[in-house]
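Chemist: Okay, handing you the structure first.
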Amino acid sequence: MGDRSRYATIFLQILLFSLMAALLGRLFYLQVAATEKYQDAALEIQSRNVVTPATRGMILDSGGKPLALNRVGLVITADRSILDKEPDRGVAALKETAKALKMSYEEVFGKTRLCGEKVDPSLTGGARCWNGSRYQPIPVSVDASEEIALAIVEHAERYPGVNASPQGFRYYPGTEGVNGAHLLGYVGPVSENELAASTSKKYYLNEYVGKAGLEKVYDADLRGAPGVKTIVVDRKESVTSTLKETKAIPGNHLVTSIDAKLQAVVERELVAAITRARAGVVDKKGPRKADSGAAVVMDVKTGRILAIASYPNYNPNIWERGITAKQARDLFSTKTGVPALSRALQGTFAPASAFKVVSVAAAAKAGYDLNGKYDCPAEFQVGNRTFRNYESKGAGRITLEQGIAISCDTLWYEIAYNEWLKDGGLRPNKERNDYFYNAAAGFNLGKRTGIDLPSESAGRLADRQWRSQWHDRNKDFYCNYEKRAKKSQLTPYLIAIAKENCVDGGKIRAGDAVNFAIGQGDTTMTPLQMAQIYAAIANGGTMWKPTVGRAIITPTGELVREIAPEKAGTLPVSKKTMAFLKRSLRAVITSGTAQWRFAGMPIAVSGKTGTGEVYGKNPDGSNKDTTSWFASYAPSDAPRYAVVMMISQGGTGSGTSGPSIRRIYEAIFGVQGQKIVTEQAIFPSAPPSQIPRRPKVDQP
Amino acid sequence: MTLASGIRRKGNRSRFERVAIVDRFDIPLLIAVTALLAIGILLVYAATRDWFASFGGDPEYYLKRHALNIVIGLLLAFGTTLIDYRLLRAYTPILWAISVLGLIAVLIPGIGATVNGARAWIALPGGLQIQPAELAKIAIIVGIAMILAEKHDGYEEPQAIDVLQALAVAAIPVLLIVVQPDLGTTVIIGASVVTMIAVSGAQLRWSVGLLGLAGIGAFVAIKLGVVADYQLNRLQSFVDPTADPQSTGYQLRQARITIGSGGLFGKGLFNGPQTSGRFVPEQQTDFIFTVAGEEFGFVGCAIIVALYALLLWRAFIIARRANDLFGRLVGLGVTAWFGFQIFENIGMTLGLAPMTGVPLPLLSYGGSSMFATLIGVGLLLNIRARS
């Protein structure tokens, strides 16, 4: 053997054994070092989940009456894993089913195709494909009659793979006449996005989940855990074995602090106020647009919501069997008033005179004598602009309490203007008092209340910081106003304002300061924020985080957890100022703007009206009407309830909302004429403190 | 080799011939081969049992055919050992001619059958198919060994003319295999040919030159589009397994997952869900190793690789102890063939080598491959018995 030959042989030997060693090394990596990764991957390839949805828990009112429950419908399902094993791949069975259900065969065929399966669209009759798994029985019809369901179950040989079974549907029964659409929300099939984001929540395809309202916030409690059968399949998707099976765990019930009866009253009274405004019977100004509104009733001792309503609303059961395209469009259409929007926590409006409780706190801090006398002229001059009282009436020299009662604006103009000057006017001092802005911040303006309902608005606190940010965003527009604005916006007044905004729109001007003091201008609040503030005044200064959820109970009646009230802050108000506020708010009802609406009321109510100016025009070209506010609490000496109503473009606070506020209190306390009939009261003594352990449902 | 040693060996031969040939078989080699065949029977059964049962077929269909292939293969191997390997030279031209005719036949429509994109099969009556390329491997190895072992003009080492002759012997069947196209077999035969030229003692430039030529050839073939798209895809999915998730990438990913999920000890025979679910295509033939990976785990796979290493080690020893250059070249040719094919096949399932459709020697289901492999084993035993 020559050297070349020997070396080549040795080289070959080394090469081949190195290759074998490489195989061993790679095997070690795949099967020992990284085996976990590959085991997971293998399981994912082989396993399929068949999901049995859990019975969703009910939503109950504070007495246990159901606000949301499950109605049972008869569902006809087709099981593809059985159908596909038929010699004709289930064609005959589906044809029989179509005949029984009086549907077209194409529709039944289309409904039982999986999304992603390649099917000629002309064969499916336009039916929607099934986005669940092949092993899950596919619903063909959800409201079969008992007769058809029985026929299918009894003649199983004619309908292989087809079955009829009762299935729960979410249903909002309208207990006591409640609508509650915004409050309760709705459920729908889990979306692709929710599935993708559900690492911790563990959603399954085709599961129903809460999409809005309480259904969404308390979804984790209500949903329970679906039963999951994990099966192992082969490449042809035939089942080879069952890996594990878990039973569905029914969801827990949510007990709310809502009282169904009161909720119905509040919803009715909200509509009554809107009707009143539209009819134009409240004052000389005639019919109002009254496009929307909201009302909130809060327990001032806990912040619990006893009733919450928004107008316009919609039928919560439109979601039950799939919403139509038109229904979906209408929900978000401005023509129908965007019924999907909950005005109580998403509608933001200038608070107007209802804001003056904040101004009182500011003035007291600034050292103004709450018991002193102030001028209330018909108008007040700030620079070259004239600021008027509502309806341009003067009241002479009056006490601050009277000023609140009759809602004098001009006395606030003077105080706010003086404070503005003291803080440096257009050239603000480095060291400023900012009494009004600080007080408003202390009342949590511009801050979400934190209610257990989704998508709450924060409103807006138009303080110095906001003003300067606003200017940075908009100065370009205002400095080129005549080029950028629409023709209809080129009025001399608007051009003048634009010029002003261009030059010093980033600063608080005197006009901004005086407007701020009477709740006008750019500051906005939600009705819920208003209720939080008035409840805090009523209870002596504690701002509660509003809550609707009261407790979670199991279907067998055990308490899972109580949802405790939480403090959200304390009003920045001294005891003396608080006493003054209480006196003044009572005076509003006894001798002030709301007196005419509360004559003969046997329950002492305190409150404040507000009539908010709104700039801008309606789509039909008319000027926007004023916002009607009424914020109140009762009984005045031992407050328990705060009631707030707001009607957008509704006219005056007392005129439009006043009577409805009164009726709500009458329902709560059982007032009949001028007497109190305790048996008629919704809450004879107080809101219920016991948590109901069982739903009060009439079992069929 | 000196003249003296040649005389001594000649003297020894007569003594050996009195002893039965079986007594001179290489025991470790036999143990390795027998063990691998036994494991192969289990793996083929595991790979096909549930599949056939699922549509009401005979779950032992593949098992029986595989066993029959092994029996025929063992008879062929035994037959190979009976004639002195040196006398095999006489039959080599006939074997070579049959292979070439077979390789031409597969290209004729009506005779050749296309499987997985390659015209590599001749369909016989009764559902039987044979793959002439497997036979060609033996013809080429023995043929080249014959040419390179001829002594010319007193040179110990093969000269240019020998190498060119050897290349011509290999080139005709290889070109026919390229046309099929069967890239895997081409690469394995090519590697074996280069190996044999290198170990024959020919000038180094031949083997280096051939390797360079192979590289240029591959580059040109890809550029000219001679290589079919699916072959390019296979290469691409070796480089980047996510490039073609539907077909080749899918197969490779499944193979890797199946093997990786086996873990240290495997899921146990007949207990692999990936295997019984047939998630890996071709799992009784080219991807048989995935079954071992899933059901026997790292321990089982390491034993299989060790058995192959034992087989290769014995093959080296047999080649080294061969009486003559011809025996040594045949032995090393067979060793290279086995070694490269084992690495190519297992490496493919592990993601170490590109995907080419070659069976795993002694384990994969498939008659032609089994026969050829066992004839190769027979050649090794023959050389051992007569050294």
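Chemist: So which strands (runs of 3 or more DSSP E) stay within region A:597-700 end to end and still have 3 or more residues that are over 25 Å from the mean Cα position of the chain (by Cα)? Walk me through it before giving the result.
Modeler: Values: elements: A:606-612, A:627-634, A:641-648.
Correct list: A:606-612.
Chemist: Do you know which residues across region B:82-121 are of a type in the set (G, A, S) and surrounded by 12 or more Cβ atoms within 10 Å (Cβ to Cβ)? Working first, answer last.
Modeler: Initially, region B:82-121 is screened for residues of a type in the set (G, A, S), giving B:90, B:97, B:99, B:102, B:105, B:110, B:112-113, B:117-118, B:120.
B:S99, B:G102, B:A105, B:G112, B:A113, B:G117, B:A118, B:A120, listed by residue number.
Chemist: How do the helices (runs of 4 or more DSSP H) wholly within region A:426-538 filter down when requiring 3 or more residues that are in contact with a helix residue (DSSP H, G or I) (Cβ under 8 Å, 6 or more places away or on another chain) and crowded, with 19+ Cβ neighbours inside 10 Å: which remain?
Modeler: A:435-442, A:510-517
Chemist: Condition check: outside any helix (DSSP H, G or I), away from every other protein chain (no Cβ under 14 Å), over 44 Å from the mean Cα position of the chain (by Cα) and touching a residue at least 60 places away in the same chain (Cβ under 8 Å). Does A:E86 satisfy that?
Modeler: Numbers: outside any helix (DSSP H, G or I): yes; away from every other protein chain (no Cβ under 14 Å): yes; over 44 Å from the mean Cα position of the chain (by Cα): yes; touching a residue at least 60 places away in the same chain (Cβ under 8 Å): yes.
The answer is yes for A:E86.
Chemist: Now a separate question. Every residue in region B:316-344 that is over 9 Å from the mean Cα position of the chain (by Cα), among the polar types (S, T, N, Q) and modelled with pLDDT of 95 or more, please.
Modeler: The one that is over 9 Å from the mean Cα position of the chain (by Cα), among the polar types (S, T, N, Q) and modelled with pLDDT of 95 or more: B:T335.
Chemist: Of the numbered conditions (1) within 46 Å of the chain's Cα centre (by Cα); (2) at the interface with chain B (Cβ under 9 Å from one of its Cβ atoms); (3) among the hydroxyl-bearing types (S, T, Y), A:S81 fails exactly one; give the number of that condition.
Modeler: (2)
For every residue, the table says whether it meets (1) surrounded by 23 or more Cβ atoms within 10 Å (Cβ to Cβ); (2) modelled with pLDDT of 90 or more; (3) within 30 Å of A:F349 (Cβ to Cβ).
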site	(1), (2), (3)
A:G658	yes, yes, yes
A:F683	no, yes, yes
A:P692	no, yes, no
A:P700	no, no, no
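Chemist: Also: Considering only region A:1-60, how many residues are assigned to a helix (DSSP H, G or I), aliphatic (A, V, I, L, M) and more than 7 Å from every other protein chain (Cβ to nearest Cβ)?
Modeler: So the first thing to find is which residues in region A:1-60 are assigned to a helix (DSSP H, G or I), and the list is A:3-33, A:35-46.
This time we only want the ones that are aliphatic (A, V, I, L, M), so: A:8, A:10, A:12, A:14-16, A:19-24, A:27, A:30, A:32-33, A:41-43, A:45.
The next check asks that each one be more than 7 Å from every other protein chain (Cβ to nearest Cβ); those that pass are A:10, A:14-15, A:21, A:33, A:43.
The total comes to 6.
Chemist: I'd like the full set of residues that are on the phi > 0 side of the Ramachandran plot and crowded, with 20+ Cβ neighbours inside 10 Å, limited to region A:62-95.
Modeler: Residues of region A:62-95 that are on the phi > 0 side of the Ramachandran plot, as a first pass: A:64, A:89-90.
Answer for region A:62-95, where residues must be on the phi > 0 side of the Ramachandran plot and crowded, with 20+ Cβ neighbours inside 10 Å: A:G64, A:G90.
Chemist: Within the bounds of region B:46-54, is there any residue that is in a loop (DSSP other than H, G, I, E, B), within 14 Å of another protein chain (Cβ to nearest Cβ) and aromatic (F, W, Y)? Working first, answer last.
Modeler: Taking region B:46-54 first, the residues in a loop (DSSP other than H, G, I, E, B) are none.
Scanning region B:46-54 turns up no residue that is in a loop (DSSP other than H, G, I, E, B), within 14 Å of another protein chain (Cβ to nearest Cβ) and aromatic (F, W, Y).
Chemist: I've got another one for you. Do we have A:S257 as in contact (Cβ under 8 Å) with a residue 40 or more places away in the chain, of a type in the set (S, T, N, Q) and touching a His at 6+ places or on another chain (Cβ under 8 Å) here?
Modeler: Numbers: in contact (Cβ under 8 Å) with a residue 40 or more places away in the chain: yes; of a type in the set (S, T, N, Q): yes; touching a His at 6+ places or on another chain (Cβ under 8 Å): no.
For A:S257, the condition - in contact (Cβ under 8 Å) with a residue 40 or more places away in the chain, of a type in the set (S, T, N, Q) and touching a His at 6+ places or on another chain (Cβ under 8 Å) - is not met.
Chemist: Follow-up. Identify the residue in region A:144-179 that is in a helix (DSSP H, G or I) and of a type in the set (G, A, S) and, among all such residues, is farthest from the chain's Cα centre (by Cα).
Modeler: To start, the set of residues in region A:144-179 that are in a helix (DSSP H, G or I) comprises A:146-154, A:175-177.
Going one step further and asking which of them are of a type in the set (G, A, S), we end up with A:149, A:151, A:177.
Working: A:A149: 39, A:A151: 44, A:G177: 21 Å.
Per the stated criteria, the residue is A:A151.
Chemist: Just the residues that are more than 15 Å from A:A587 (Cβ to Cβ) and buried (at least 17 other Cβ atoms within 10 Å of the Cβ), please, taken from region A:597-612.
Modeler: Across region A:597-612, the qualifying residues are A:I603, A:G610, A:T611, A:G612.
Chemist: Right, another one. Could you check region B:256-362 for helices (runs of 4 or more DSSP H) lying wholly inside it with 1 or more residues that are at the interface with another protein chain (Cβ under 8 Å from one of its Cβ atoms) and within 23 Å of B:G184 (Cα to Cα)? Even if it seems obvious, please write down each step before you answer.
Modeler: Numbers: elements: B:273-276, B:288-320, B:325-350.
It comes to B:288-320, B:325-350.
Chemist: What number of residues within region A:262-297 satisfy the criterion of being touching a residue at least 12 places away in the same chain (Cβ under 8 Å), outside any helix (DSSP H, G or I) and of a type outside the set (G, A, S)?
Modeler: Of the residues in region A:262-297, 8 are touching a residue at least 12 places away in the same chain (Cβ under 8 Å), outside any helix (DSSP H, G or I) and of a type outside the set (G, A, S).
Chemist: Next up: Within the set of pairs 6 or more residues apart or between chains, which connect a residue that is farther than 11 Å from B:F270 by Cβ inside region B:41-65 to a residue that is acidic (D, E) and surrounded by fewer than 18 Cβ atoms within 10 Å (Cβ to Cβ) with Cβ atoms less than 7 Å apart?
Modeler: B:F52/B:D58
Chemist: Go through region B:316-343 and count every residue that is of a type in the set (D, E, K, R) and crowded, with 22+ Cβ neighbours inside 10 Å. Break it down into steps so the answer makes sense when it comes.
Modeler: Looking only at region B:316-343, we keep the residues that are of a type in the set (D, E, K, R), and these are B:320-321, B:324, B:328.
If we keep only those that are crowded, with 22+ Cβ neighbours inside 10 Å too, we end up with B:328.
Counting residues in region B:316-343 that are of a type in the set (D, E, K, R) and crowded, with 22+ Cβ neighbours inside 10 Å gives 1.
The values are calculated or read from the model by the stated rules, or taken from the named source; none is laboratory data. Just so it is clear, the structure is predicted and the values come from calculations on it, not from any experiment. No Cβ is skipped: glycine too gets one built from the backbone with ideal geometry, and neighbour counts run over all protein chains shown.
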